[in-house]
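So the structure is just underneath, and the comments pick up after that.
The values are calculated or read from the model by the stated rules, or taken from the named source; none is laboratory data. This structure is a prediction, so every number in the text was calculated from the model and none was measured. No Cβ is skipped: glycine too gets one built from the backbone with ideal geometry, and neighbour counts run over all protein chains shown.
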Amino acid sequence: MVHEDHDEAAKVPTLGYLPFAPPSDVITLYDGPLQLRVEEDLSSERPGKIALVIRSGSNLLWGADLDEASYEDRRTWRHRQSRPRTALRLPFHGAMLELETHLSGDGTGFFGSPSTSSDDTTMLADFIAHWINLPCLPRGGLLCREQEDGSWTEWGGRWVLALGAWEATIDERPDLPATLTEAKRERLYAVTHTMSVRRSDRREFPARDARSVRWGLQVAFSFALGRWAAPVLAVGRDAAGSIVWSEWSPLHVDSPAKAHGRWWAEDRPEELREFLALFINRWLDPTQQPSLRFLATSAIAAGESGFVEQRLMTALAALEHLHWITYRRDNGTADHRLRQLLSAASVSLDVVREDQPVLARFAAGADGPKALFRIRHALTHPKEPQEVYKHSGLLGEASRLASRYLDLALLRHLGYGGNVTDRTKTTGWSGESWPVPWTSSEERSGDTPA
């Protein structure tokens, strides 16, 4: 119940299946009894844990405590070299789940790919997921929580997203600012939000749709943030609130400190809402999802902290793909195709000397597309091996410009019409943003692939 002294607009937060623990590089998803099924043989029950371990990648691992197990019990948990079909059996909030898994040692194993407790045709009324390292979402609706001693906490942390045929409610934890501060400082991870998703018309839907919406929201938020955030442990429920489906998966997730450049300005939450609705509408079209997945994940990878050569090549490959699905023909040279794509979106082709002095000197009067593909050709077909490396900072500036082009081209493709930041500007206020260049020259519907 909401405390009587609370604002009447305050809502009780969505209850999830994971606690809001302090930041760590180990996120425990389950702590309780486990059994191992190997083919038709079922092991003894042992205490155990399932945890997402985020160290040099995300790994979903499990382990059973065999310290006090008898010899016969230990045998049932022993690793087999023949790799038979194995599954974990566990009670989970009133439901008995069985999840396909891999056995890597005596009483230990991992989930190498998504594992679900029932098939994708299972009908759901809604599903819950738990976000790791999502930031504060500004101007959220009021939430409140009453404590056992009668005290209460109230905070502005609810986002309700209208996503076409879908509705998502995302509630942040009450101590989110302090949690994110620690996670950024220590480069750790924490469950930051609980999300509930259902159809807008309240009709039931198959579990495969839950998987698609969850994955789409992960890619969309991550593209907007410039780093991976992850909605882990999706739990599907029927109309009575009983668990009938769940997905356990080692999802990509980055530290909140890893945000080297993103197009969304944090002080413009309504534009994030607009973008998410546009993205999910395209994502749920099976004819468009493969290309959108490639483009958005390429944009995330191109903005990360890997080697600049790979970031540059990834961004340019995605831009060429976007040109193809827009025009369905490879006309002219690579720089001509990029110029055509950007000009259609009214994107300036100039290399701004104040922002990118090294690239401007290298371009020697040429425009951005020409300079970028000259660098790409020098990397892939080097006539002079040190041509691009003798200009200190050149590849970094080129990579940022290519990512900037990809951000803009993909947002225009989606029909987005708000503001964006400019990752080529490395000085000044970090939250500064500008209107997209095409809003004054064309309608906001974006491109539709031929």
query: Identify, please: which residue in the stretch 63-85 is at pLDDT 90 or above and aliphatic (A, V, I, L, M) and is, among those, surrounded by the fewest Cβ atoms within 10 Å (Cβ to Cβ)?
result: LEU66
message: Take the conditions within 30 Å of SER70 (Cβ to Cβ), among the hydrophobic types (A, V, I, L, M, F, W, C), modelled with pLDDT under 95 and more than 25 Å from the chain's Cα centre (by Cα) and apply them to LEU88. Does it pass?
response: no
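Scan the stretch 326-343 for residues that are within 20 Å of ALA296 (Cα to Cα) and surrounded by 15 or more Cβ atoms within 10 Å (Cβ to Cβ) and report the count.
Looking only at the stretch 326-343, we keep the residues that are within 20 Å of ALA296 (Cα to Cα), and these are 326-328, 337-338, 341-342.
Keeping just the survivors that are surrounded by 15 or more Cβ atoms within 10 Å (Cβ to Cβ) gives 326-327, 337-338, 341-342.
Here the count works out to 6.
This table checks each residue for (1) in contact with a Leu (Cβ under 6 Å, 6 or more places away or on another chain); (2) outside the structural domain of ALA162 (by TED's automatic domain parsing); (3) among the acidic types (Asp, Glu); (4) surrounded by fewer than 17 Cβ atoms within 10 Å (Cβ to Cβ).
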position	(1), (2), (3), (4)
LEU284	no, yes, no, no
PRO290	no, yes, no, yes
SER305	no, yes, no, yes
GLU320	no, yes, yes, yes
TRP324	no, yes, no, yes
PRO369	yes, yes, no, no
field: Residue match in the stretch 215-224 (condition: under 16 Å from ASP126 (Cβ atoms) and buried (at least 18 other Cβ atoms within 10 Å of the Cβ))
entry: yes
query: Would you pick out the residues in the stretch 387-407 that are of a type in the set (Lys, Arg) and in a helix (DSSP H, G or I)?
result: ARG400, ARG404
- line: Across (1) under 18 Å from LEU137 (Cα atoms); (2) out of contact with any His (no Cβ under 8 Å at 6 or more places or on another chain), ASP238 clears everything bar (1)
query: Quick check: is even one residue across the stretch 158-170 crowded, with 19+ Cβ neighbours inside 10 Å and in a loop (DSSP other than H, G, I, E, B)?
result: no
- request: Report yes if LEU359 is in contact with a Ser or Thr (Cβ under 6 Å, 6 or more places away or on another chain), farther than 23 Å from ALA220 by Cβ, free of Cβ contacts under 8 Å to residues at least 60 places away in the same chain and buried (at least 22 other Cβ atoms within 10 Å of the Cβ), otherwise no.
  value: no
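Would you say TYR405 is crowded, with 16+ Cβ neighbours inside 10 Å and either at pLDDT 95 or above or under 23 Å from ARG353 (Cβ atoms) (or both)? Before you say what the answer is, go through the steps one by one.
Values: crowded, with 16+ Cβ neighbours inside 10 Å: yes; either at pLDDT 95 or above or under 23 Å from ARG353 (Cβ atoms) (or both): yes.
In short, yes.
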Exclusive hit being closer than 30 Å to ARG139 by Cβ and among the acidic types (Asp, Glu), set GLU271, GLU309: GLU271
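Quick one: is LEU395 in contact with a helix residue (DSSP H, G or I) (Cβ under 9 Å, 6 or more places away or on another chain) and more than 18 Å from LEU272 (Cα to Cα)? Even if it seems obvious, please write down each step before you answer.
Values: in contact with a helix residue (DSSP H, G or I) (Cβ under 9 Å, 6 or more places away or on another chain): yes; more than 18 Å from LEU272 (Cα to Cα): yes.
When the stated conditions are applied, LEU395 passes them.
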message: Suppose the filter is modelled with pLDDT of 95 or more and either crowded, with 21+ Cβ neighbours inside 10 Å or aromatic (Phe, Trp, Tyr) (or both); does VAL420 pass it?
response: yes
- prompt: From GLY94, GLY16, GLY112, which residue is within 28 Å of GLU186 (Cα to Cα) and either touching an Asp or Glu at 6+ places or on another chain (Cβ under 9 Å) or surrounded by fewer than 12 Cβ atoms within 10 Å (Cβ to Cβ) (or both)?
  reply: GLY16
- prompt: For the stretch 252-278, which residues satisfy the criterion of being surrounded by fewer than 21 Cβ atoms within 10 Å (Cβ to Cβ), part of a loop (DSSP other than H, G, I, E, B) and touching a strand residue (DSSP E or B) at 6+ places or on another chain (Cβ under 8 Å)?
  reply: HIS252, SER255, ALA265, ARG268
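Looking at the stretch 408-418, can you tell me whether even one residue there is among the basic types (Lys, Arg), in contact with a Lys or Arg (Cβ under 9 Å, 6 or more places away or on another chain) and in a helix (DSSP H, G or I)?
Of the stretch 408-418, the ones among the basic types (Lys, Arg) are 412.
Narrowing the set further to residues that are in contact with a Lys or Arg (Cβ under 9 Å, 6 or more places away or on another chain) leaves none.
Among the residues of the stretch 408-418, not one is among the basic types (Lys, Arg), in contact with a Lys or Arg (Cβ under 9 Å, 6 or more places away or on another chain) and in a helix (DSSP H, G or I), which makes the answer no.
In the stretch 190-228, what residues are among the hydroxyl-bearing types (Ser, Thr, Tyr) and assigned to a strand (DSSP E or B)? Even if it seems obvious, please write down each step before you answer.
Narrowing the stretch 190-228 to residues among the hydroxyl-bearing types (Ser, Thr, Tyr): 192, 194, 196, 200, 212, 222.
Listed by number, the residues that qualify are THR192, THR194, SER196.
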message: Go through the stretch 115-145 and report how many residues are surrounded by 16 or more Cβ atoms within 10 Å (Cβ to Cβ) and in a strand (DSSP E or B).
response: 14
message: I'm trying to understand the selection: among the residues of the stretch 116-175, which are within 20 Å of VAL191 (Cα to Cα), of a type in the set (A, V, I, L, M) and touching a residue at least 60 places away in the same chain (Cβ under 8 Å)?
response: ILE128, ALA129, ILE132, LEU134, LEU137, LEU142, LEU143, LEU161
task: Would you mention how many residues in the stretch 153-169 are closer than 25 Å to LEU52 by Cβ and out of contact with any Pro (no Cβ under 9 Å at 6 or more places or on another chain)?
output: 3
field: Failed item in (1) part of a loop (DSSP other than H, G, I, E, B); (2) at pLDDT below 95; (3) surrounded by fewer than 18 Cβ atoms within 10 Å (Cβ to Cβ), with THR153 passing the rest
entry: (1)
